[in-house]
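A.B. asks: Have a look at this one.
The values are calculated or read from the model by the stated rules, or taken from the named source; none is laboratory data. This one's a predicted model, so the numbers in the text were calculated from it and none came from an experiment. So basically every Cβ, Gly included, is an ideal-geometry build from the backbone, and we count neighbours across all protein chains shown. Accessible surface areas use protein heavy atoms only, side chains included; no ligands, DNA or RNA. Shrake-Rupley method; radii C 1.70, N 1.55, O 1.52, S 1.80 Å.
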Amino acid sequence: MKGVITRINPRATLIDITHGIQPQNIQAAAFALAMCYRFFPKRTVHLVVVDPGVGGNRNAIAVQTDDYFFVGPDNGVLSWALAREHIRATHLLQNEAYFLHPISGTFHGRDIFAPVAAHLSRGLHISKLGPKLEKIVQLPPLTPSRLKRTITGRIVYIDRFGNAITNIAETDLVGADSATAEVHIGRKLKCGLAHCYSAVARGNPVAVFGSTGMLEIAVNCGNAAQQFGLQVGEKVLLRLGRVGNPQPARTQRQPGNR
Amino acid sequence: MKGVITRINPRATLIDITHGIQPQNIQAAAFALAMCYRFFPKRTVHLVVVDPGVGGNRNAIAVQTDDYFFVGPDNGVLSWALAREHIRATHLLQNEAYFLHPISGTFHGRDIFAPVAAHLSRGLHISKLGPKLEKIVQLPPLTPSRLKRTITGRIVYIDRFGNAITNIAETDLVGADSATAEVHIGRKLKCGLAHCYSAVARGNPVAVFGSTGMLEIAVNCGNAAQQFGLQVGEKVLLRLGRVGNPQPARTQRQPGNR
Amino acid sequence: MKGVITRINPRATLIDITHGIQPQNIQAAAFALAMCYRFFPKRTVHLVVVDPGVGGNRNAIAVQTDDYFFVGPDNGVLSWALAREHIRATHLLQNEAYFLHPISGTFHGRDIFAPVAAHLSRGLHISKLGPKLEKIVQLPPLTPSRLKRTITGRIVYIDRFGNAITNIAETDLVGADSATAEVHIGRKLKCGLAHCYSAVARGNPVAVFGSTGMLEIAVNCGNAAQQFGLQVGEKVLLRLGRVGNPQPARTQRQPGNR
């Protein structure tokens, strides 16, 4: 893919976001993209090739937002990033003039997405790529549910340090007293919130709103996913204290009270 | 190595083809190179450092073809790519003026291959590097054998998705009816040919001519190598149907008939 | 991090030294940096983010030496490289004008170190970053001890080939007869010194002064760490022969004589 891009645009700057996505894991790729795309320069072309349906009947798309381009399969992998952007136009990739030939049935990353991204990076207008598309495939939204002072989220990503990142955002806590908040994962893990990993002793669990702005469960200098057997998809409860009266939240800590 | 190259040619574009080659696996490196070198821009310098004999008596070489340069140890790692190219000149790397000093006994990638590649990328004439070499070391050729309608190949590479790539090329099937062809790996795997992975149900095996142009055995949304215990070197049989009469191939599917 | 750097300095050349450091392993990162920083062009900004204390009370620093800049946490990770350099100035990173906002508590790599490194690469004077610092945190020095003709070192790094690299440098042997030197690791490994891995038969252990200039224990075409169960921190004895009289060293090879 990088060879193909460099042939079309020798001045392109190529940056790998991650090689750590598990094969076929669309949600992990969607999450990684949503968490970091906005740190790149304006007019960056974000190219994603987690594409288990390659060669089948899923669509290939390019999307232009106010600041970026996105290129990839229309399987939901772009949807969490695009939910945070203002979309200007979405086009199907159908104009074979911008493809590499012959087109394989198993690697559209090389034959379709990479050359299209390279042409966009050179200034090609997105409308040249194919007809407009109105709606793209969406993953289930990346938002937790809330009942009174309990937010129910889930683990959506485990990073290479074993930190379990959830779909609970810092903004979900507005007005709550985070000092008395508690995180529960089933009966196997309970911890408080802190500003950084080293706020607790080595080897202890801690919940922080991490660099993604999302709640993550970590172990200071350890691997939370291994230590507590955490999995993507597991339910995470965040119990918020009442502002000015932290007692009720503490009461819920008693055994048998869950 | 990248530091050394950048010191000599600050404008060089550095692209990693793969970090996934198993230590000392010359055939895997030779295959990876042969499958992707031609997607890079003309005048690209392909630098390979899978070099178990480093510091011993193997030669170090640079090769110029019509479109590319290749630099590496003369241990066969370049031979499968070069078999597809028209070679203009091969030179031994002996002119120490283009090396990094002192030269270590264990990392010629940094001390010899990287600086030589950097000088070639700046336009150095290959003849400056050392005397001409007539013949380079060859790996066993990357071609299957054929008896009537059975092509016998082998697994040469397993990619990070667990797809088992063989030495049987799409061009080996010219004139055959691929719709009735069958792939056999011992008694443990039998499947048909399709255009893409998703042509079969999730979890089922399928053979496709993949993005390399070579026959590969995959499992749709799965890991074929793990599921069927596939290894590099295993024999793969491709049984071709007779054009206009697919029955004989189907007859061979009966149990006890292999 | 690369997105942040590219936004500030679109012409920066970004090179990854390694993605193979174990989480929180400050010594491994310090060693990797010390072994390769000097192969990069002058004025390179070396950016290190092995930072288990992120968000706590450790300092963040930038260091200018005669040839390079170094940016990272003040946790010792820079100390082995800096021990080989002439330091011109060290400054605390306190001027938030050069940070990315908001600053997370868990990823100063992205929010502090990357933008500071990008600004230095554009020519920002290091004194703009914050007040001067006189002393940085030091790891235990990377030097072995010596008693008569026995040098006692330790394994400090195991590379991806399973080679065990020690803190014994080639310069520690000045005046000794390396041809008769012997390496001992407890009772489990004994081998001689050679110039390259292939000086011994496949599968045999050998000690070489590798590309880092440090003594490393390897197995020709094998994985020494796996074969002999080697660990970082293990004691390594190097017994030197007497120049002109190699017998004593050989005598020590007798069983029961250790």
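A.B. asks: Would you mind stating whether residue A:71 is over 15 Å from the mean Cα position of the chain (by Cα) and touching a residue at least 60 places away in the same chain (Cβ under 8 Å)? Walk me through how you get there before you give the answer.
C.D. replies: Details: over 15 Å from the mean Cα position of the chain (by Cα): yes; touching a residue at least 60 places away in the same chain (Cβ under 8 Å): no.
It is false that residue A:71 is over 15 Å from the mean Cα position of the chain (by Cα) and touching a residue at least 60 places away in the same chain (Cβ under 8 Å).
A.B. asks: Going through the stretch A:227-243 one residue at a time, which ones are farther than 12 Å from residue A:155 by Cα, modelled with pLDDT of 95 or more and open to solvent by 90 Å² or more (accessible area, probe 1.4 Å)?
C.D. replies: A:227
A.B. asks: For the stretch A:35-61, which positions are of a type in the set (A, V, I, L, M, F, W, C), at the interface with another protein chain (Cβ under 7 Å from one of its Cβ atoms) and outside any helix (DSSP H, G or I)?
C.D. replies: Start the filter on the stretch A:35-61 by keeping residues that are of a type in the set (A, V, I, L, M, F, W, C), which leaves A:35-36, A:39-40, A:45, A:47-50, A:54, A:60-61.
Those left that are additionally at the interface with another protein chain (Cβ under 7 Å from one of its Cβ atoms): A:36, A:39-40, A:54.
Correct list: A:40, A:54.
Yes/no per residue for (1) hydroxyl-bearing (Ser, Thr, Tyr); (2) within 19 Å of residue A:139 (Cα to Cα); (3) at pLDDT below 95:
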position	(1), (2), (3)
A:18	yes, no, yes
A:42	no, no, no
A:74	no, yes, no
A:81	no, yes, no
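A.B. asks: For the stretch B:38-52, check the following and say yes or no: at least one residue is open to solvent by less than 20 Å² (accessible area, probe 1.4 Å) and over 17 Å from the mean Cα position of the chain (by Cα).
C.D. replies: No - not one qualifying residue is present in the stretch B:38-52.
A.B. asks: Follow-up question, since we're still on this one. Would you mind telling me which numbered condition in (1) in a helix (DSSP H, G or I); (2) modelled with pLDDT of 95 or more; (3) under 16 Å from the mean Cα position of the chain (by Cα) residue A:28 fails?
C.D. replies: (2)
A.B. asks: Scan (1) more than 9 Å from chain A (Cβ to nearest Cβ); (2) open to solvent by 20 Å² or more (accessible area, probe 1.4 Å) for the single condition residue C:32 breaks and write down its number.
C.D. replies: Result: residue C:32 passes all but (2).
A.B. asks: Would you confirm, using the coordinates I've provided, whether residue A:150 is within 21 Å of the chain's Cα centre (by Cα) and more than 13 Å from every other protein chain (Cβ to nearest Cβ)? Write out each step before concluding.
C.D. replies: Details: within 21 Å of the chain's Cα centre (by Cα): no; more than 13 Å from every other protein chain (Cβ to nearest Cβ): yes.
No; evaluated as a whole, the condition is false for this residue.
For every residue, the table says whether it meets (1) closer than 30 Å to residue B:64 by Cα; (2) not polar (S, T, N, Q).
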| residue | (1), (2) |
| --- | --- |
| B:141 | yes, yes |
| B:178 | no, no |
| B:193 | no, yes |
| B:199 | no, yes |
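A.B. asks: Does residue A:4 satisfy the criteria of being touching a residue at least 40 places away in the same chain (Cβ under 8 Å), in contact with a Ser or Thr (Cβ under 7 Å, 6 or more places away or on another chain) and surrounded by 16 or more Cβ atoms within 10 Å (Cβ to Cβ)?
C.D. replies: Taking the combined requirement at face value, the residue does not satisfy it.
Rundown of residues vs (1) modelled with pLDDT of 95 or more; (2) open to solvent by 50 Å² or more (accessible area, probe 1.4 Å); (3) among the aromatic types (Phe, Trp, Tyr), yes/no style:
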position: C:69; (1), (2), (3): yes, no, yes
position: C:102; (1), (2), (3): no, yes, no
position: C:112; (1), (2), (3): yes, no, no
position: C:115; (1), (2), (3): yes, no, no
position: C:125; (1), (2), (3): yes, yes, no
position: C:138; (1), (2), (3): yes, yes, no
position: C:148; (1), (2), (3): no, yes, no
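A.B. asks: Kindly indicate the residue of the stretch C:82-122 that is outside any helix (DSSP H, G or I) and of a type in the set (Val, Ile, Thr) and also nearest to residue C:42 (Cα to Cα) among those meeting that condition. It would help to see each step written out before you state the result.
C.D. replies: Within the stretch C:82-122, the first condition is being outside any helix (DSSP H, G or I), and the residues that meet it are C:83-95, C:99-107, C:122.
Filter again for of a type in the set (Val, Ile, Thr), leaving C:87, C:90, C:103, C:106.
Values: C:87: 14, C:90: 18, C:103: 30, C:106: 31 Å.
Checked the stretch C:82-122; the qualifying residue nearest to residue C:42 (Cα to Cα) is C:87.
A.B. asks: Residues in the stretch B:7-18 that are open to solvent by 80 Å² or more (accessible area, probe 1.4 Å) and more than 8 Å from every other protein chain (Cβ to nearest Cβ): how many?
C.D. replies: Just the residues of the stretch B:7-18 that are open to solvent by 80 Å² or more (accessible area, probe 1.4 Å), to begin with: B:7, B:10-11, B:13.
Now restrict to residues that are more than 8 Å from every other protein chain (Cβ to nearest Cβ): B:11.
Summing the residues that are open to solvent by 80 Å² or more (accessible area, probe 1.4 Å) and more than 8 Å from every other protein chain (Cβ to nearest Cβ) in the stretch B:7-18 gives 1.
A.B. asks: Can you name the condition, by its number, that residue C:26 falls short on among (1) closer than 19 Å to residue C:117 by Cα; (2) surrounded by 20 or more Cβ atoms within 10 Å (Cβ to Cβ)?
C.D. replies: (1)
A.B. asks: Answer yes or no: is there a residue in the stretch C:172-186 that is closer than 14 Å to residue C:239 by Cα, modelled with pLDDT of 90 or more and open to solvent by 50 Å² or more (accessible area, probe 1.4 Å).
C.D. replies: Looking for residues that are closer than 14 Å to residue C:239 by Cα, modelled with pLDDT of 90 or more and open to solvent by 50 Å² or more (accessible area, probe 1.4 Å), one finds at least one in the stretch C:172-186, hence yes.
A.B. asks: Given (1) open to solvent by 10 Å² or more (accessible area, probe 1.4 Å); (2) within 21 Å of the chain's Cα centre (by Cα); (3) touching a residue at least 60 places away in the same chain (Cβ under 8 Å), identify the lone condition not met by residue A:121.
C.D. replies: (2)
A.B. asks: Just give me the residues in the stretch A:198-215 being within 10 Å of another protein chain (Cβ to nearest Cβ) and over 29 Å from residue A:38 (Cβ atoms), in sequence order.
C.D. replies: Hit for the stretch A:198-215 is A:202, nothing else.
A.B. asks: In addition: Would you please name the residue that is nearest to the chain's Cα centre (by Cα), looking only at residues in the stretch A:77-100 that are among the small types (Gly, Ala, Ser) and surrounded by fewer than 20 Cβ atoms within 10 Å (Cβ to Cβ)? Don't jump to the end; show me each part of the working.
C.D. replies: Within the stretch A:77-100, the first condition is being among the small types (Gly, Ala, Ser), and the residues that meet it are A:79, A:81, A:83, A:89, A:97.
This time we only want the ones that are surrounded by fewer than 20 Cβ atoms within 10 Å (Cβ to Cβ), so: A:83, A:89, A:97.
Numbers: A:83: 11, A:89: 22, A:97: 32 Å.
Residue satisfying both the conditions and the ranking: A:83.
A.B. asks: Only residues that are of a type outside the set (Gly, Ala, Ser) and open to solvent by less than 30 Å² (accessible area, probe 1.4 Å): list them for the stretch C:150-162, please. Steps first, please.
C.D. replies: Initial filter on the stretch C:150-162 (of a type outside the set (Gly, Ala, Ser)): C:150-152, C:154-161.
The answer is C:151, C:155, C:156.
A.B. asks: When residue C:195 is evaluated against the numbered criteria (1) more than 14 Å from every other protein chain (Cβ to nearest Cβ); (2) open to solvent by 40 Å² or more (accessible area, probe 1.4 Å); (3) free of Cβ contacts under 8 Å to residues at least 24 places away in the same chain, which criterion, by number, is the only one it fails?
C.D. replies: Failed condition: (1).
A.B. asks: OK, next. Take residue B:218 and tell me if it is within 14 Å of chain A (Cβ to nearest Cβ) and either over 26 Å from residue B:28 (Cα atoms) or over 24 Å from the mean Cα position of the chain (by Cα) (or both). Walk me through how you get there before you give the answer.
C.D. replies: On the way: within 14 Å of chain A (Cβ to nearest Cβ): yes; either over 26 Å from residue B:28 (Cα atoms) or over 24 Å from the mean Cα position of the chain (by Cα) (or both): no.
When the stated conditions are applied, residue B:218 does not pass them.
A.B. asks: Here is a follow-up. Given the conditions (1) in a helix (DSSP H, G or I); (2) under 24 Å from residue B:162 (Cβ atoms); (3) within 14 Å of chain B (Cβ to nearest Cβ), report the number of the one that residue A:23 does not fulfil.
C.D. replies: (1)
A.B. asks: Could you list all residues from the stretch C:62-81 that are aromatic (Phe, Trp, Tyr) and either part of a strand (DSSP E or B) or within 14 Å of chain A (Cβ to nearest Cβ) (or both)?
C.D. replies: Just the residues of the stretch C:62-81 that are aromatic (Phe, Trp, Tyr), to begin with: C:68-70, C:80.
Scanning the stretch C:62-81 gives C:69, C:70.
A.B. asks: Do any residues in the stretch C:132-155 that are charged (D, E, K, R) have Cβ atoms under 7 Å from those of residues that are open to solvent by 90 Å² or more (accessible area, probe 1.4 Å), where the two are at least six apart or on different chains, and which pairs are they?
C.D. replies: C:149/C:242; C:154/C:235
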